[in-house]
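First up is the structure itself, then whatever we jot down about it.
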Amino acid sequence: MGSATCNKIFENISRVVVGKEHTIELMLVALIAEGHILLEDVPGVAKTLMAKCLAKSIGGTFNRIQFTPDLMPADITGFTVWDQNNGRFSFHPGPVISHVLLADEINRTIPRTQSSLLECMEERQLTVDGETYVLPDPFFVIATQNPIELEGTFPLPEAQLDRFLLKASLGYPERHEEIRIMETFQGETPFAEMAAVVTSDEVLELRKKRRSIRVSAPIKAYIADIVRATRSHAAIEFGASPRGSLGLMRAGQARALFRNREFVLPDDIKFLTGPVLGHRLVLKQRERLRGEKSGAILESILEGIPVPSAQG
């Protein structure tokens with residue numbers, strides 16, 4: 001049941017977003033694991049299109065916020081105004097109140113505005129003028145940032161990066177994929193013909209099923225060993241916190257569900273270690289100056305940790 005629902009969403013998005021199966025899978029893993037995803041890549045590789053396709057596939061509401069230096073927190077959360085007709089304050093909801101929120105170029109706005117998303121992402125609620133409003137369920141943030149333009153940007157602080165379950169990139173398409181993209185979009189855009197293939201209630205059911213996916217003691221120990229190794233590695237200033245351990249376990253459960261399994265395998269953890277932990281690490285200054293990447297360091301950590309032989 002869970003795998004069939006996942007495949008419906010996956011196949012529906014893949015009909016429009018060409019050749020990005022790896023990233024689509026990671027996006028669905030983040031959705032099912034009740035997390036959020038940060039997409040870092042150059043412009044024009046279908047980051048926005050992927051977010052819109054997901055919202056349409058699950059029959060959810062979709063809002064997009066273009067982050068700019070002058071964006072204020074109220075532009076995201078909404079604001080209260082005095083209603084003279086009723087003689088009271090009324091709340092005007094902001095774009096954050098949606099099932100799928102695209103935070104486009106999130107690093108182009110000031111930290112104060114970036115931080116206005118923290119409560120929403122972690123607690124699925126927002127507070128405006130002392131009043132708390134519950135966000136729709138499911139609530140899923142897809143944030144994007146451009147890694148090649150640094151002028152006029154405000155790097156996300158570690159506290160906010162840690163709120164994203166996964167960080168991924170799409171990359172440039174292969175030659176045959178680029179040709180297929182041109183053929184697909186030569187006429188009418190296929191996005192216009194997209195329809196919902198599942199409901200938001202089915203997504204909530206997927207999340208419920210994910211919680212019952214079995215994670216054995218050897219798999220939990222494997223996750224703990226990986227995360228603890230990031231805290232003692234010579235090239236890493238600050239390793240992953242226990243939130244990283246929980247994220248890796250939940251993402252592993254979501255991938256197992258996606259792959260129609262009732263248990264997590266070591267391969268799930270190895271596949272997800274980079275996307276889940278890479279953005280949570282702070283490398284030492286010497287390593288950053290040498291151009292070291294967290295992905296390569298995590299690969300070396302995985303090579304040095306025995307893989308459990310037991311099933312998840």
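Listed values, structure above:
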read-out: Linear extension gain, S115 paired with S14, 0.36 nm per residue minus alpha-carbon span; value: 33.1 nm
read-out: Heavy-atom surface of the stretch 242-299, accessible at 1.4 Å and reported per residue (Å²); value: 47 Å²
read-out: Percent of beta bridges antiparallel (DSSP, the stretch 40-175, rounded to nearest 5); value: 50 percent
read-out: Positive-end extreme of charge dipole, the chain - chosen from G87, A217, Q285 (charges on Cβ); value: A217
read-out: Antiparallel DSSP beta bridges within the chain, percent to nearest 5; value: 40 percent
read-out: Two-site FRET efficiency, H22 against W82, from Cβ-Cβ distance with R₀ of 35 Å, rounded to 0.05; value: 0.10
read-out: Gap separating the Cα centres of the stretch 64-83 and the stretch 274-305, nearest whole Å; value: 36 Å
read-out: Most to least packed among 130-136, 229-235 [average Cβ atoms within 10 Å]; value: 229-235, 130-136
read-out: Space enclosed by the convex hull of the alpha-carbon atoms of the stretch 51-131, per residue, Å³; value: 110 Å³
read-out: Contact order normalised by residue count of the chain, Cα under 8 Å, 6+ apart, percent; value: 22 percent
read-out: Accessible surface of L246 - all protein chains present, 1.4 Å probe, nearest 10 Å²; value: 80 Å²
read-out: Cα-based helix-to-principal-axis angle, 175-184 vs the chain, degrees rounded to 10; value: 30 degrees
read-out: Degrees separating the helix 294-303 axis from the principal Cα axis of the chain, which is the longest one; value: 40 degrees
read-out: Rounded if a/c under 1.5, otherwise prolate or oblate - the stretch 112-233, Cα gyration tensor axes; value: rounded
read-out: Spatially proximal lysines relative to K20 (Cα-Cα < 17 Å; intrachain offsets below 8 disregarded); value: K8, K47, K52, K167
read-out: Global form of the stretch 174-216, assessed from the alpha-carbon gyration tensor, a/c cut-off 1.5; value: oblate
read-out: Summed side-chain charge close to F191 - residues other than F191 whose Cβ falls under 13 Å, Lys, Arg +1, Asp, Glu -1; value: +1
read-out: Local electrostatic count at P306 - Lys and Arg +1, Asp and Glu -1, tallied over other residues with Cβ under 13 Å; value: -1
read-out: Area of S98 that stays accessible when all protein chains are in place (1.4 Å probe, Å², to 10); value: 0 Å²
read-out: Protein accessible area in the chain, 1.4 Å probe - carbon and sulfur %; value: 51 percent
read-out: Helix-only mean residue ellipticity at 222 nm for the chain, each DSSP H run of n ≥ 4 adding -39500 (n - 2.57), per residue, nearest 500; value: -13000 deg cm²/dmol
read-out: Kirkwood Rh in Å, taken over the chain so that all alpha-carbon pairs contribute; value: 20.6 Å
read-out: Anisotropy class of the stretch 201-312 from Cα gyration tensor, a/c 1.5 cut; value: prolate
read-out: Relative contact order [Cα under 8 Å, 6+ residues apart], the stretch 193-293, whole percent; value: 31 percent
read-out: Surface/4 estimate of mean projected area, convex hull on alpha-carbon atoms of the stretch 20-88, nm²; value: 7.5 nm²
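The values are calculated or read from the model by the stated rules, or taken from the named source; none is laboratory data. None of these values were measured; they are calculated from a predicted model. Methodologically, a virtual Cβ is constructed for each residue, glycine included, from the backbone with ideal geometry; neighbour enumeration extends over all protein chains shown. Note: areas computed on protein heavy atoms with side chains; ligands, DNA, RNA excluded. Shrake-Rupley method; radii C 1.70, N 1.55, O 1.52, S 1.80 Å.
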